[in-house]
Structures are given as structure tokens and as C-alpha cells.
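Peer 1: Questions regarding the structure given below will be posed in turn.
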Amino acid sequence: MTVTTPEARTRPPSTTTEPRAVRTGLIGLALLYVGLFLFLPLLVVLTGAFSRGVEAYFTAIREPYALAAVRLTLLVAVIAVPVNVVFGMAAAWAIAKFEFYGKSLLITLIDLPFSVSPVIAGLIYVLLFGRQGYLGPWLLEHDIRIIFALPGLVLATVFVTFPFVARELIPLMQDQGTDEEEAATLLGASGWQTFWRVTLPNVKWALLYGVLLCNARAMGEFGAVAVVSGHIRGMTNTMPLHIEILYNEYKFAASFAVASLLALLGLVTLVAKVLLEWRFGDELASNRTGAERGKS
Amino acid sequence: MIAFRRPSVLPGFGPTLGFTLAYLGLIVLIPLAGLFLRSTELGVDGFIRAVSSPRALAAFRLTFGASFLAAVVNAFFGLVVAWVLVRYRFPGRRVLDAFVDLPFALPTAVAGIALATLYAPNGWIGRWFDVFDIRVAFTQAGVFVALVFIGLPFVVRTIQPVLQDLEAELEEAAASLGATRWQTWRFVIFPVLLPPLLTGFALAFARAIGEYGSVIFIAGNLPGRTEIVPLLIFIQLEQYNYAAATAIAAVMLTISFVLLLLINMLQRWTAKRHTRD
């Protein structure tokens, strides 16, 4: 029998770990890899943004076309995210609280947009609503613009962010079962009361987490939006598209300045994610199942 | 309706499922079906001609080749990163853990211009390659670099939970029966990690073949040489060549669905292995 001092307990037993040199080597390799492939690109965005000085930075992000792009990006997200939240909650309620045939097929179909290339996500709406699309002639006749206009941008964004909220809520609500909701119903609560007072408080952190991921993707989406946008400056240019145009015009500092705003959004999302996992890890389904289901 | 689901006292099944199906159908299923329908209008000959033009074939080769290589590199380094994160304690571990998700959080266009700047001949990394007269940006190597970037989290995040749940008893038993550390790793640990490793590989590969934003800035986009399939679809569409765009997209979509099925099977395999012990 060995005496277990706190120190001995924290030190891993030598039979189930690697020699010190191997450990150090692997840690070094992991740090080098992540540093080279993830940290440096982020650093390049920030230094690139300020390469012409602080003044040029603020000029670039206050320029009218940049402001229009910011406004449009926010507008698209403000429409697309709530729509997907409502869908995610409805889908999670039906899937997690009831047993029915074809459930696993339905879950697979909800995940489908993640496996579709963003360019194809844009293309399918052009084929439906574009001038040569199935509904094109009818739309033209009634003077409704979807492609190269706000509705197209929203549709493409809704498509690529479709599964985010649902896939955070479904596994968690499945784990929580139906006992609490059944008790509420038997005590006389209406469906809405049960949802607002029992279900929603149980899943609020997972919901917030899903909304954050959904929003980050909605504001940063590039490929799908590029296909349906038509790149009309001040009209249908979102921030990622504005970044592309500035970059292709060799206005690198301005391009990185706008990019730094989106990078900041990404960083805030990451920090919020770490905080949520650290503080409410037990209440987030993603800790157990998210990675297995493959995040995207 | 009653036979289709198990009875429950909870309300709201009809409306929520109805809304889910309607929304799924309108946003996802009908538009995707429209693409396949459109591609049948070409006829068999037209379809084959569209997807087997030299330009399309070159794009397919580049996309699948670079995606495969990037997924292989990520499978190896992803395993190392996941191992280090779960098994070792060192300063900066939490930051490293958080950083792994960066490709999910950073918009692809931002990643694209950052990578292109880094690997350009006068960039922070590109200038070291330039010394040896190797070009990364605006060549096929650039496509590979971008796909490595976006695929990195998949392998790490699929292996991590499995590795966390791995019981120390197994390794102790192997060690007490006289296995060396390498033998324990090779014959006890690795077989458990294989299903999630393959899942992560498939997820990274599936993401890579559809990737657009992070690639196009660093690729150079020369038709037949550094043009990826999503860009080719985009260009055909911009030139109002709907037939070619649709046919190529239908092929890509079919491959994506096959990969999705494969990934689902792999995940079920992982779950089975995972819960057995």
C-alpha cells in the first residue's frame, strides 16, 4: 500500500503515461501546429487591420459602403437567427418529447445543410427564384426580387445556419426526458405554460449557445451569400462580401479592418462558449454529444 | 396518426412536427430536389459532357486530392492535439483547447485573406518558403493549406470525448500484464480511438470538398490548375451556364450525401464501442 498524499494523487502513475521527453515533444508539436495554423492567421488579421495606423482603420470602417455592409449583415442576422430559433425549438419539442416513426431520419435531414457546400446552398435558390429559375418568370411578372436582393440573402443564410439551434437543443431535451413536462400538464398547466415555465428554463443555456453559433455563422457566411448577392455595393453587399471586394482592389488595410470586426465577433463567440461550458457545462448537451455528432 | 406515434399526455405534437416538416421541406428539401430535377433536363449525354470536361475533371481532381491530403494531415495532428489536451497538464492548455474551435468561429472570408497574406511570397510564412523557391499561395499547395485550416477542429472534437471516457483500468491492466507503453497504446488505446478518428477524418474531408471562402483567396483560381469545384460552379453560374453549374453541383451533392451516410454509420459504430465497456 502506498500513502496517497495529494501530490501523489495528482501525479499520473508512470505505467500509464509516456516518458517525459515524449510528453514534452507532443505538447510542443500540438502548440506548434495550432500556433502556425490557427493563431498566426488571427494575428495577421489584427496587424493587417492596423498596418496603416489607427486613423486609417477607423476611416475604413466608417466609410459609407462599409457601414452599409455592417447594417445589411446585422439585418440579415436579425431575421435569419430568430427564424431558426423558432424552428429549432419546434423541432426539438416534437423530436425530444414524443416517440414516433422516422425520428432518426428526421434528425439526419435536419443536419443535411451542414453537408451541402455553401455555393450549392446559394445555387439552389438561384435555380428556384433566379431569372432562369422555376419561379423566375412569375416573380418577374409580379416585380418581386428575391435573388440579388435581401430575401435571397436571408434565405441563403437561413439554409446554412439551419441546424445550429436544433442540434444543441435536441440531444439535451432528449436526455431530460418528459417527466417534468408531464407533471406540469397533469397539474393543469397549458402547453404554453409548460413550455415557458418548465422546458425553456431547463434548456436556456443550451439555447443561448446555439444562438451564438448560429449568429456567428449567419454574420460570417460568405459562399452561399456570394452566389445570391450580385455584389451591388451599398445594396446587397454583406461584410464578408465587402471584405472580398476591398481585398481584390488591393485595399488590404481596409479589407483587414472590416475583417477585424468579424474576427472580433468570432473571438467573442469563442470566449462566450468557453464561459458557458465552464459555468454551465452540465446544462449543455454539447459537452456529451456535440462533438460526437460532429460540429460544423 | 395514433399508430404512428406513442400516446403522450403532452400537447403540441401535431403543430410542432407539422411546422418542422413544412419548414424543412420549404427551405431545404424542395430547393435541393429542384437542383436534381434541373440536372435531369440535360439528358444523360449532356450531363456527362458537363461533368467530364477537362476543366471540370481538373477541378474534381484538385478538390478531392487536396481535401484528402488535408484530412490525412488533420487526422494525425488532430490525434496529437486531442491526446495532449486530454492527457497532459501544461500552462496554456485551456487557451489551446479554446483555440481549436477558431475555424468554426472565424468567418471563411476572413480566414481566406489571412491565409493568403501569410503564405504570399512576402508573407510571414511564405517568405521562408520563398527562400527555397517554393510557392504556396496561388498554387495547389495553397488550396491544401486552407483546407487544413478549416478541417482542424473536426478530428480533435470527435476524439476528445472518447479519450476522456477511456478507463485507466484498461491501461493499468495492460501495463501490469507486462505490456510496454507503446504496446498498450497500439493494442489497447488505438483500437478504441479508431472509430472517432475515422469519423473526424470523414467530417473534415466532407467539409473540405465543399469549402469556398477560405480557399479562393489563396488558390489563385487558374482554370484547370488551381480552380476548386465550388468555384467552378460559381463561375459557370455567373456566366449563365446553368446546365454545367447544375450538373457539377448534382455530382458534388450526391457525393456529400454518400459521405453523410458513411459518417452516420461511423458515428453509430463509435457510440457502440463507446458504451460497451
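FYI, it's all coordinate maths here, none of it is from the lab. Since the model is a prediction, treat every value here as computed from it, not as a measurement. Glycine gets a Cβ as well: all are built from the backbone with ideal geometry, and neighbour counts include every protein chain shown.
Peer 1: Within the range A:131-143, is there a residue that is part of a helix (DSSP H, G or I) and either facing another protein chain (nearest Cβ under 9 Å) or touching a residue at least 12 places away in the same chain (Cβ under 8 Å) (or both)?
Peer 2: no
Peer 1: Further question: I'd like to know if the range A:179-190 contains one or more residues that are buried (at least 24 other Cβ atoms within 10 Å of the Cβ), more than 18 Å from the chain's Cα centre (by Cα) and in contact (Cβ under 8 Å) with a residue 60 or more places away in the chain.
Peer 2: Within the range A:179-190 (the criterion being buried (at least 24 other Cβ atoms within 10 Å of the Cβ), more than 18 Å from the chain's Cα centre (by Cα) and in contact (Cβ under 8 Å) with a residue 60 or more places away in the chain), the answer is yes, since at least one residue qualifies.
Peer 1: Among the residues of the range B:190-246 satisfying the criterion of being charged (D, E, K, R) and closer than 22 Å to A:ILE120 by Cβ, which is farthest from the chain's Cα centre (by Cα)?
Peer 2: B:GLU238
Peer 1: Further, regarding this structure: Can you find, within the range B:201-228, the residue that is farthest from B:ALA71 (Cα to Cα) among those that are facing chain A (nearest Cβ under 8 Å) and not in a loop (DSSP other than H, G, I, E, B)?
Peer 2: Across the range B:201-228, the extreme among qualifying residues is B:PHE217.
Peer 1: What number of residues within the range A:205-238 satisfy the criterion of being without any contact (Cβ under 8 Å) to a residue 40 or more places away in the chain and at negative phi?
Peer 2: 0
Peer 1: Given the conditions (1) touching a residue at least 24 places away in the same chain (Cβ under 8 Å); (2) crowded, with 21+ Cβ neighbours inside 10 Å; (3) out of contact with any Phe, Trp or Tyr (no Cβ under 7 Å at 6 or more places or on another chain), and given that B:ARG225 satisfies all but one, which numbered condition is not satisfied?
Peer 2: It is condition (2) that B:ARG225 fails.
Peer 1: Then there's this: All but one of (1) in a helix (DSSP H, G or I); (2) surrounded by fewer than 16 Cβ atoms within 10 Å (Cβ to Cβ); (3) within 13 Å of chain A (Cβ to nearest Cβ) hold for B:PRO7; state the number of the condition that does not hold.
Peer 2: For B:PRO7, the exception is condition (1).
Peer 1: I would also like to ask the following. Is it true that B:ALA245 is within 7 Å of another protein chain (Cβ to nearest Cβ), out of contact with any Lys or Arg (no Cβ under 6 Å at 6 or more places or on another chain) and not in a loop (DSSP other than H, G, I, E, B)?
Peer 2: For B:ALA245, the condition - within 7 Å of another protein chain (Cβ to nearest Cβ), out of contact with any Lys or Arg (no Cβ under 6 Å at 6 or more places or on another chain) and not in a loop (DSSP other than H, G, I, E, B) - is met.
Peer 1: Could you please tell me which pairs satisfy a Cβ distance under 7 Å, a separation of 6+ or placement on different chains, a first residue in the range B:89-104 that is more than 13 Å from A:PHE39 (Cβ to Cβ) and facing another protein chain (nearest Cβ under 7 Å), and a second residue that is assigned to a loop (DSSP other than H, G, I, E, B) and of a type in the set (D, E, K, R)?
Peer 2: What qualifies is B:PHE104/A:LYS295.
Peer 1: Considering only residues of the range B:18-31 that are closer than 11 Å to A:PHE159 by Cα and at the interface with chain A (Cβ under 8 Å from one of its Cβ atoms), which is nearest to the chain's Cα centre (by Cα)?
Peer 2: Among residues in the range B:18-31 that are closer than 11 Å to A:PHE159 by Cα and at the interface with chain A (Cβ under 8 Å from one of its Cβ atoms), the one nearest to the chain's Cα centre (by Cα) is B:VAL28.
Peer 1: Test each condition in (1) more than 10 Å from chain A (Cβ to nearest Cβ); (2) within 25 Å of the chain's Cα centre (by Cα); (3) over 21 Å from B:SER67 (Cα atoms); (4) not hydrophobic (A, V, I, L, M, F, W, C) for B:ASP130 and report the one that comes out false.
Peer 2: Result: B:ASP130 fails condition (2) only.
Peer 1: A further question on this structure: For the subset of the range A:92-105 comprising residues that are free of Cβ contacts under 8 Å to residues at least 12 places away in the same chain and assigned to a helix (DSSP H, G or I), which member is nearest to the other protein chains (Cβ to nearest Cβ)?
Peer 2: Residue satisfying both the conditions and the ranking: A:ALA94.
Peer 1: Something else about it: Could you list, in sequence order, the residues of the range B:163-199 that are facing chain A (nearest Cβ under 8 Å) and surrounded by 15 or more Cβ atoms within 10 Å (Cβ to Cβ)?
Peer 2: Answer for the range B:163-199, where residues must be facing chain A (nearest Cβ under 8 Å) and surrounded by 15 or more Cβ atoms within 10 Å (Cβ to Cβ): B:GLU171, B:ALA175, B:ARG181, B:THR184, B:PRO196, B:THR199.
Peer 1: For the subset of the range B:32-54 comprising residues that are within 26 Å of A:LEU112 (Cβ to Cβ) and among the small types (Gly, Ala, Ser), which member is nearest to the other protein chains (Cβ to nearest Cβ)?
Peer 2: Here the answer is B:GLY34.
Peer 1: Moving to a separate point now. Among the residues of the range A:241-253, are any assigned to a helix (DSSP H, G or I) and among the charged types (D, E, K, R)?
Peer 2: Scanning the range A:241-253, I find at least one residue that is assigned to a helix (DSSP H, G or I) and among the charged types (D, E, K, R), so the answer is yes.
Peer 1: Give the residues of the range A:152-168 that are within 21 Å of A:LEU75 (Cβ to Cβ) and either in a loop (DSSP other than H, G, I, E, B) or in contact with a Phe, Trp or Tyr (Cβ under 8 Å, 6 or more places away or on another chain) (or both), sorted by residue number.
Peer 2: A:GLY152, A:LEU155, A:ALA156, A:PHE159, A:PHE162, A:VAL165
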